[in-house]
Amino acid sequence: MTEDAVVSFAQLAILPALHKVVDELGYETPSPIQAQSIPPLLEGRDLLGQAQTGTGKTAAFSLPLLSRLDLSVKSPQILVLTPTRELALQVAEAMQTYARHLPGFQVLPVYGGQNMSQQLRQLQRGVHAVVGTPGRIQDHLRRGTLKLDKLTSVVVDEADEMLKMGFIEEVDQILEHTPPERQTALFSATMPNEVLRVARRHLKDPIEIRIKSKTSTVETISQRFWQVKGLHKLDALTRILEAEEIEAMLIFVRTKIATVELAEKLEGRGFSSAPLNGDMTQALREKTIERLKNGTLDIVVATDVAARGLDVKRISHVVNYDIPYDTESYIHRIGRTGRAGREGKAILFVAPRERRMLYAIEQATRQPITPMSLPSRKDITDRRITLFKEQIAEAMESQDLEFFEELIDSYQDEFDVGHRRIAATLAYLAQKDKPLQLEGGPVDEVSVAEPASRPSPVERKAGETAELSRYRIEVGRIHGVEPRHIVGAISNEAQLSSNDIGQIKLYDTFSLVDLPADLPRETVRLLQDVWVCGQRLQLSVDKGKILKYKEKPANKRPFDKGADRRAKPGGKKPPQKPYKKK
Ligand code: AMP
């Protein structure tokens, strides 16, 4: 099979029941990774895929693996390993969706922090696929509650993230536990050596796929992104539509259905708009484009395919409502503006989990994409007032108002009210259906700029009143542990935000970590059983001192004596680094 040979889902030999779902979901064409991964995976081949999140990876492995499934075997045949519980849930949910016309199909997400007995019950009842974080999967393997003897396929998702979180050894060990003849697919956004080593050990003659980031420059287009936060994307879009000087806007979404839905929602909010997708007849598509060209329509919501090659000079704005799968589509999308030497504006909505794609795009375009804050309520109100004033001025210029002037005079005489009050009342009536003042809704956005890489939790130290206790975990330097592994494992397994994790001190055979003083007993118990770098954490309270940032200056805070005692005899006292506060 040559690269990019597949251009439609019809060409893929997935089950008819899956074709049906793809259709229902409105997926127009396979994304690049799907086009390249599905055929070899259907053949049962191993695969090493370099691709980011948001490229359509989940369907790239789910569709072929589900096609190869034997529904009558009620024992896990597919195992997907993910670095985080969020991703486990998301993948499991997506799989269940893709499999919705496969009768009786069951997928079980398995992750730390989740009720164990419930997981056990479901495992006993029988599932076809398991999606989980390495720690919890290993736990089940050790207890013998998860049997992998019927396994036919394993997927390692976001392998580089696993490495960052210190799970790569667990992944290695889990793969050891799976039948040797199983099929393996490993996906990773980057390919560090440790990931490649795991791939070399466990993949047999894999097909290698790389969703490339082509570099290119797009100079006449200013690019901004909005980090999806606080407001729904639709509200954000509405604000942008109101506050920016827009001649015409092309909005990109991922599916045909979404083009129709979003266009309808915008109509509902008073913005005349139309969808543009591959399901529409050629004639209708041409008509829509013609209206966009001649200015009878200003907003079009399109899929990548339908907007291919679109050349309308009026398009002043391109909004990536859904982030594209790859940098090439992004470049193509934003190229629909800034045409014929004009200036164009591109806006990208980025959900937190899509940040990697943002960096990939920045690299590919070799242009910074600057964070934007949404227009505030005040901005919107100001803009509406400006437009209202313009309307007044225009009417004053162009209309014969004599009749109305006399009407106002007679009103004034009759009721003895000043002109100002009458004018205000009329202004109120004029804007009543669409008030000038934007009200309600969630709080306004402030800044959106976040550093490119996650700062260490210590640097992001919590607020002044955070109460942390010191805990001991039984993994240390000799086991090769690094603070990021500990943060990864704890935040993931105990569902703590990395903000909740304070200072981490590594010793040779153990480490000390500051965690919320009020950690529930259940969480403590859970963390006792989490494995990092091959060691069980066996978390225990280390004298349980409560540290209050406010009361005790950081550098004077007594470091736990127990730690001193346990440090190597004659060894240095652990340094008393002050907590960094923001
Ligand atoms: P993923 O990279 O698997 O997380 O997928 C990202 C998003 O793209 C999900 O919301 C999918 O529903 C969507 N998606 C996946 N494949 C396609 C496709 N071929 N066409 C349109 N949307 C898709």
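Pick out the one residue from Asp379, Asp400 that is over 30 Å from Ala189 (Cα atoms), acidic (Asp, Glu) and surrounded by 14 or more Cβ atoms within 10 Å (Cβ to Cβ).
Asp379
Give the residue that is nearest to the chain's Cα centre (by Cα), with candidates limited to residues of the range 48-64 that are more than 9 Å from the ligand (Cβ to nearest atom) and surrounded by fewer than 24 Cβ atoms within 10 Å (Cβ to Cβ).
Among those residues, the one meeting the criterion is Gln50.
Taking into account only those residues within the range 258-285 that are modelled with pLDDT under 90 and not in a loop (DSSP other than H, G, I, E, B), which is surrounded by the most Cβ atoms within 10 Å (Cβ to Cβ)?
Checking each candidate, the answer is Gly268.
If I filter the range 223-242 for residues that are in the same structural domain as Ile361 (by TED's automatic domain parsing), crowded, with 21+ Cβ neighbours inside 10 Å, more than 22 Å from the chain's Cα centre (by Cα) and not basic (Lys, Arg), do I get at least one hit?
yes
Which one of the conditions (1) buried (at least 18 other Cβ atoms within 10 Å of the Cβ); (2) within 14 Å of the ligand (Cβ to nearest atom) does Val305 fail to meet, given that it meets all the rest?
Failing condition for Val305: (1).
Given the condition in a strand (DSSP E or B) and either at pLDDT below 75 or surrounded by 16 or more Cβ atoms within 10 Å (Cβ to Cβ) (or both), answer yes or no: does some residue in the range 477-493 qualify?
no
Check off (1) charged (D, E, K, R); (2) in contact (Cβ under 8 Å) with a residue 24 or more places away in the chain; (3) assigned to a helix (DSSP H, G or I) for Glu362 and give me the number that stays unchecked.
If we test Glu362 against (1) charged (D, E, K, R); (2) in contact (Cβ under 8 Å) with a residue 24 or more places away in the chain; (3) assigned to a helix (DSSP H, G or I), just (2) comes out false.
Of (1) crowded, with 20+ Cβ neighbours inside 10 Å; (2) farther than 25 Å from Ile174 by Cβ, Leu537 satisfies all except one. Which?
If we test Leu537 against (1) crowded, with 20+ Cβ neighbours inside 10 Å; (2) farther than 25 Å from Ile174 by Cβ, just (2) comes out false.
Hey, any hits in the range 65-80 for a residue that's in contact (Cβ under 8 Å) with a residue 24 or more places away in the chain and within 13 Å of the ligand (Cβ to nearest atom)?
Looking for residues that are in contact (Cβ under 8 Å) with a residue 24 or more places away in the chain and within 13 Å of the ligand (Cβ to nearest atom), one finds at least one in the range 65-80, hence yes.
Which of the residues belonging to the range 286-302 are among the acidic types (Asp, Glu) and exposed (fewer than 14 other Cβ atoms within 10 Å of the Cβ)?
Scanning the range 286-302 gives Glu286, Glu290.
Which of the residues that make up the range 106-146 are assigned to a helix (DSSP H, G or I) and β-branched (Val, Ile, Thr)?
Initially, the range 106-146 is screened for residues assigned to a helix (DSSP H, G or I), giving 116-125, 134-143.
Within the range 106-146, just Ile137 meets the criteria.
Only one residue in Pro16, Pro30 is more than 14 Å from the ligand (Cβ to nearest atom) and within 20 Å of His101 (Cα to Cα), so which one is that?
From the options Pro16, Pro30, the qualifying one is Pro16.
Regarding Thr281, is this residue assigned by TED's automatic domain parsing to the domain that holds Lys233, without any contact (Cβ under 8 Å) to a residue 60 or more places away in the chain, under 15 Å from Arg308 (Cβ atoms) and more than 16 Å from the ligand (Cβ to nearest atom)?
Working: assigned by TED's automatic domain parsing to the domain that holds Lys233: yes; without any contact (Cβ under 8 Å) to a residue 60 or more places away in the chain: yes; under 15 Å from Arg308 (Cβ atoms): no; more than 16 Å from the ligand (Cβ to nearest atom): yes.
Judged against the criteria, Thr281 is not a match.
How many of the residues making up the range 147-184 are hydrophobic (A, V, I, L, M, F, W, C), within 20 Å of the chain's Cα centre (by Cα) and in a helix (DSSP H, G or I)?
Looking only at that region, the number is 3.
The values are calculated or read from the model by the stated rules, or taken from the named source; none is laboratory data. Given the structure is predicted, the values throughout are model-derived calculations rather than measurements. Counting neighbours? That spans all protein chains shown, and the Cβs are built from the backbone with ideal geometry, glycine included.
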